[in-house]
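Asks: Encoded as C-alpha cells, here's the structure I'll be asking about.
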Amino acid sequence: MKASDKKFIENWKATKKAGKKKYIITHGLAFGLIIFVINTSMNYWGDWERMEWTSLLISLLISIILGGGLYGFVTWHMNEYLYKKKLKNKS
C-alpha cells in the first residue's frame, strides 16, 4: 500500500469521527461561498451594473446552501467509497 493511501485512510477515519453533518457544513459551505463570490463577481462586472438585493440573496441561497450542500454530500460519499476500496486493497 502506498504512503498516500495510508495517509488518506488515517485522515478519513478522523473525518468520519467528526461526522457527516460537520463535513458537509464545513466543506460544502466553504465550496459554496467560493462559488458565490465567483458568481457574484462575474454578474457584477459582466453586466457593469449593481445587482439588486433580491438577485444577490437568491444567488447566495442557490450557491451556498444548495450547491455547497450538494458538493459536501457528494464528496462525502465519494471519499467513503474510496476509503472502503483502499481498506479492501490493504488486506
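The values are calculated or read from the model by the stated rules, or taken from the named source; none is laboratory data. Not measured: the values here are computed from a predicted model. Virtual Cβ from ideal backbone geometry, glycine too; neighbours counted across all protein chains shown.
Asks: Are any of the residues in the range 26-46 of a type in the set (F, W, Y) and on the phi > 0 side of the Ramachandran plot?
Replies: Taking every residue of the range 26-46 in turn, none turns out to be of a type in the set (F, W, Y) and on the phi > 0 side of the Ramachandran plot.
Asks: Further, regarding this structure: With the checklist (1) of a type in the set (A, V, I, L, M, F, W, C); (2) in contact with a helix residue (DSSP H, G or I) (Cβ under 8 Å, 6 or more places away or on another chain); (3) modelled with pLDDT of 80 or more in hand, flag the one item I58 doesn't pass.
Replies: Going through the list (1) of a type in the set (A, V, I, L, M, F, W, C); (2) in contact with a helix residue (DSSP H, G or I) (Cβ under 8 Å, 6 or more places away or on another chain); (3) modelled with pLDDT of 80 or more, I58 breaks only (2).
Asks: Hey, another quick one. If we only count helices (runs of 4 or more DSSP H) wholly inside the range 19-91, which ones have 1 or more residues that are exposed (fewer than 13 other Cβ atoms within 10 Å of the Cβ), in contact (Cβ under 8 Å) with a residue 40 or more places away in the chain and among the charged types (D, E, K, R)?
Replies: The qualifying helices (runs of 4 or more DSSP H) are 68-90.
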